[in-house]
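Asks: First the structure, which I've put down as structure tokens, then a few questions once you've had a look.
The values are calculated or read from the model by the stated rules, or taken from the named source; none is laboratory data. Predicted model, so just to flag it, every value in this text is computed and none were measured. Cβ placement follows ideal geometry from the backbone for every residue including glycine, while neighbour counts extend to all protein chains displayed. These area figures cover heavy atoms from the full protein model, side chains too; ligands, DNA and RNA do not enter into them. Shrake-Rupley method; radii C 1.70, N 1.55, O 1.52, S 1.80 Å.
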Amino acid sequence: IPRENIPAPTRLDHNRLHAQIATRAGVSVNDVTRCCIWGNHSSTQFPDPSRAVIQGRPIGEVLGKPEDVDWMRGEMMEGVQ
């Protein structure tokens, strides 16, 4: 079976994480890289944007305001899980 034909539910969560960050930053989803989902596809997973890069810049440079950090810890997490 070709690799591209084997889906993983966590890939959906991974894509959702990228999309939420891109929307918040006002960029294309293709401009967001290096996000990670730890765990399995359930409420115990942990979306981890800590090493994310947006248009070549660390996420903290783009989404570093206190309200952005609060969003990542709250609404973003809930939206991915």
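Asks: Taking the condition of being closer than 15 Å to residue 81 by Cβ and under 11 Å from the mean Cα position of the chain (by Cα), how many residues in segment 39-60 meet it?
Replies: 4
Asks: How many residues, within segment 11-59, are open to solvent by less than 50 Å² (accessible area, probe 1.4 Å) and within 17 Å of residue 78 (Cβ to Cβ)?
Replies: 14
Asks: Take the residues of segment 43-56 that are among the polar types (S, T, N, Q) and without any contact (Cβ under 8 Å) to a residue 24 or more places away in the chain: which is nearest to residue 25 (Cα to Cα)?
Replies: Among those that are among the polar types (S, T, N, Q) and without any contact (Cβ under 8 Å) to a residue 24 or more places away in the chain, it is 50.
Asks: Considering only residues of segment 58-81 that are in a helix (DSSP H, G or I) and among the small types (Gly, Ala, Ser), which is farthest from residue 47 (Cα to Cα)?
Replies: Here the residue is 60.
Asks: Output the residues belonging to segment 18-47 that are outside any helix (DSSP H, G or I) and in contact with a Leu (Cβ under 8 Å, 6 or more places away or on another chain).
Replies: Residues satisfying the conditions are 35, 37, 41, 47.
Asks: If you don't mind, another one. Scan segment 60-81 for residues that are free of Cβ contacts under 8 Å to residues at least 24 places away in the same chain and open to solvent by 60 Å² or more (accessible area, probe 1.4 Å) and jot them down.
Replies: Result: 61, 65, 66, 67, 70, 73, 75, 78.
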